[in-house]
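Everything on this sheet refers to the single structure shown next.
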Amino acid sequence: NYDIAEQTSVSSLAPLRNVYDGLVKYHYKNHGEVVPELAESWEVNGDGTVYTFRLRKGVTWHDGKPFTSEDVVYSLSRMARPQEFKTISPRGEALLAAMSKAEAVDASTVRVTLKFPSASFLRGMATDNILMMPKHTLLANNGDMKRVVNGTGPFTWVRHDRDVSIQMKKNPSYWDKGLPYMDGMTFFIIRDDNTRFAAFRAGRVRITTIASRALSPTQADTVRTEMASTVTLAEHPALARTVFFMNMTRDPWKDVRVRQAVQLALDRQNMLKAGGGGGVIGAALNPQGIWGLTPDDLTKLPGYRPDKTQDIAAARKLLADAGYGKGARTVMLNRIGGSGRLGPVIKQQLAEVGIDVQLDLQEQGPAFDRLNNKTFDSAWWGLAEPMDDPDPTFAALYVTDGSRNFGSFSDKQIDTMYDQQTRTLDIAKRKEIVRNMQLRIIELGGYIVSYWDLYYRAWWKEVRDYEPGNGLYDNLKMDKVWISR
């Protein structure tokens, strides 16, 4: 659906980000710099708990109605407190976890009060997940915009032909005068990997997509060796990883010993090879940033060691101790394509310790519904983070009431440490708490991470001024991209 607050998939946000704007954003070339968007400026009080945003004047929604502070307050409140608005907000609820309230001071000023000083708040606001929605359109459509598109962004929605394409055209009334440069864009929906790559090679499409439908390492090699004179190729961290989710309200996953057995059984080095080699072995947080356990840290731990002999024996004993000496069974939800390609590999690896896996292959939409409704047994899933910071990851996945805690993982110690680290502004002290949280999650078998991805994206050289973002949820906006003829 088109309700951006409900989206977690970059497949939905890639087009929608070009229709909607945020208050702030990351600079499209200097990705660490937060710059104005719909807010032309902002101020922070002395203790870092009150942000005052001054909004641009003269901005209109695509239906011609004025953009005001009431839209901002409604958008932020709806994302931060979705239960109150009878909706879901898997990303926003985590990114805005520190927000206490948002208030309209006047038509062009918004005051946001935090529960405590937060080092991640403004950076979270700058991701492509926190976008402003029109209060009047939401109220006119039963409180959601699942079937309606109305933004302030550089492009306006034309049509969506299911399973074919999404079309949009230039917004002639865009507030950032002179932008966008392109007259319009078409996002083609091509399910098959080989067909998609063939369309790019033939020039039918000018830029490849990202996330689970990105170029494979093999396809990237083809671009590198056969198309270097006409195509630009970029490799960049995705802030994404593949995860084994377990529904901990069900047997056998209620028993920590069974979860620990999976943690031991999975052969991450083998998975990385099977996935084409484009990634880095890691745990709960990105191993290439400052917060994650490094590959050197992890290879010393059970479950991450290259030699699996001890791990397999220990996993079998844990299963036997838990009463599954004759084996356990699970139905594993698996998206078709993308990270779902590794489903058979997981099935084979878990069979070695006595866990029989039945693959349940689903298209992305129904699969997401099953996750969100917690009507699954286990799942092999690729998912990404909006920024390289512990807050959105822990708040969404690992705290007891997390917005993406699909398997009902719960641990009081983790909840306490989350509260401690999110309030800690001293980086060294925060890193120590975060390190202990990651080790605790591994110990409890809480959502088992295999590896973090590197992604490949390619575009024809006539596409100018495109810059891959820092991860998947940064710089999806194409307003400064232009075509050289």
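The values are calculated or read from the model by the stated rules, or taken from the named source; none is laboratory data. Owing to the predicted nature of the structure, the values given are computational and were not obtained by experimental measurement. Note: ideal-geometry Cβ built from the backbone for every residue, glycine included; neighbour counts use all protein chains shown. Keep in mind that these areas ignore ligands, DNA and RNA; they rest on the heavy atoms of the full protein, side chains included. Shrake-Rupley method; radii C 1.70, N 1.55, O 1.52, S 1.80 Å.
A few comments on the model shown:
- Where strands (runs of 3 or more DSSP E) fall entirely within the stretch 1-45, those with at least 2 residues that are among the acidic types (Asp, Glu) and open to solvent by 30 Å² or more (accessible area, probe 1.4 Å) are at 39-44.
- The set of residues in the stretch 273-323 being among the hydroxyl-bearing types (Ser, Thr, Tyr) and open to solvent by 30 Å² or more (accessible area, probe 1.4 Å) consists of Thr294, Thr299, Thr309.
- Residues (within 21 Å of the chain's Cα centre (by Cα) and charged (D, E, K, R)) located in the stretch 431-482: Asp453, Arg457, Glu467, Asp474, Lys477
- Single unsatisfied condition, Arg91 versus (1) modelled with pLDDT under 90; (2) more than 17 Å from Gly402 (Cβ to Cβ): (2)
- Restricting attention to the stretch 140-175, the residues being over 23 Å from Ala199 (Cα atoms), among the basic types (Lys, Arg) and in a loop (DSSP other than H, G, I, E, B) number 2.
- Restricted to the stretch 46-84, and to residues there that are acidic (Asp, Glu) and in a loop (DSSP other than H, G, I, E, B), the residue that is nearest to Asp388 (Cα to Cα) is Asp47.
- Among residues of the stretch 437-448 that are under 18 Å from Ala379 (Cβ atoms), those with a beta-carbon under 8 Å from a residue that is of a type in the set (Ser, Thr, Tyr) at least six positions away or on a different chain give the pairs Ile441/Tyr398; Ile441/Tyr447; Gly446/Tyr398; Tyr447/Tyr398.
- Exactly one residue out of Gln260, Gln269 is surrounded by fewer than 18 Cβ atoms within 10 Å (Cβ to Cβ) and under 18 Å from Ile448 (Cβ atoms), and it is Gln269.
- Taken over the stretch 379-407, the criterion of being farther than 24 Å from Lys254 by Cβ, in contact with a Ser or Thr (Cβ under 9 Å, 6 or more places away or on another chain) and not in a helix (DSSP H, G or I) is satisfied by Gly382, Ala384, Glu385, Pro386, Met387, Asp389.
- In the stretch 157-181, the residues that are among the polar types (S, T, N, Q) form Cβ pairs under 8 Å with partners that are part of a strand (DSSP E or B) and open to solvent by 80 Å² or more (accessible area, probe 1.4 Å), at six or more places apart or across chains, as follows: Ser165/Phe188; Gln167/Arg159.
- Residue pairs meeting the criteria (Cβ under 6 Å; at least 6 apart or on separate chains; first within 16 Å of His236 (Cβ to Cβ), in the stretch 449-461; second polar (S, T, N, Q) and part of a strand (DSSP E or B)): Trp459/Thr232
- Within this structure, Phe376 fails the test of being farther than 25 Å from Arg213 by Cα and either assigned to a loop (DSSP other than H, G, I, E, B) or at pLDDT below 95 (or both).
- Qualifying residue in the stretch 348-356 (condition: in contact (Cβ under 8 Å) with a residue 60 or more places away in the chain and small (Gly, Ala, Ser)): no
- Selected residue (only one of Thr137, Thr127 is open to solvent by less than 40 Å² (accessible area, probe 1.4 Å), assigned to a loop (DSSP other than H, G, I, E, B) and in contact (Cβ under 8 Å) with a residue 60 or more places away in the chain): Thr127
- Complete set of residues in the stretch 206-222 that are in a helix (DSSP H, G or I) and either at pLDDT below 90 or more than 23 Å from Arg335 (Cα to Cα) (or both): Ala211, Ser212, Arg213, Pro217, Thr218, Asp221, Thr222
- Pairs linking a residue in the stretch 200-219 that is more than 12 Å from Asp453 (Cβ to Cβ) to a residue that is part of a loop (DSSP other than H, G, I, E, B), with Cβ atoms under 6 Å and 6 or more positions apart or on different chains, are Phe200/Thr208.
- Members of the stretch 324-340 that are surrounded by 18 or more Cβ atoms within 10 Å (Cβ to Cβ) and more than 18 Å from the chain's Cα centre (by Cα): Tyr324, Ala328, Thr330, Met332, Leu333
Every residue, every condition in (1) open to solvent by 80 Å² or more (accessible area, probe 1.4 Å); (2) farther than 30 Å from Pro66 by Cβ, yes or no:
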{"residue": "Met185", "(1), (2)": "no, no"}
{"residue": "Ile190", "(1), (2)": "no, yes"}
{"residue": "Arg201", "(1), (2)": "yes, yes"}
{"residue": "Asp221", "(1), (2)": "no, yes"}
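- Set side by side, the residues Ala119, Ala97, Ala80 differ, and just one is free of Cβ contacts under 8 Å to residues at least 40 places away in the same chain, among the aliphatic types (A, V, I, L, M) and either open to solvent by 10 Å² or more (accessible area, probe 1.4 Å) or more than 22 Å from Lys57 (Cα to Cα) (or both), which is Ala80.
- Across the stretch 85-122, the qualifying residues are those that are of a type in the set (S, T, N, Q) and in a loop (DSSP other than H, G, I, E, B), and the one among them that is nearest to Pro36 (Cα to Cα) is Ser108.
- Scanning the stretch 356-411 for residues that are among the charged types (D, E, K, R) and open to solvent by less than 40 Å² (accessible area, probe 1.4 Å), we see that the one that is nearest to Leu476 (Cα to Cα) is Glu385.
- Number of residues in the stretch 425-466 that are buried (at least 16 other Cβ atoms within 10 Å of the Cβ) and in a loop (DSSP other than H, G, I, E, B) equals 5.
- Among residues of the stretch 296-324 that are free of Cβ contacts under 8 Å to residues at least 40 places away in the same chain, those with a beta-carbon under 7 Å from a residue that is in a helix (DSSP H, G or I) at least six positions away or on a different chain give the pairs Pro302/Leu264; Pro302/Asp311; Pro302/Ala314; Tyr304/Arg268; Tyr304/Leu298; Arg305/Asp311; Pro306/Gln269.
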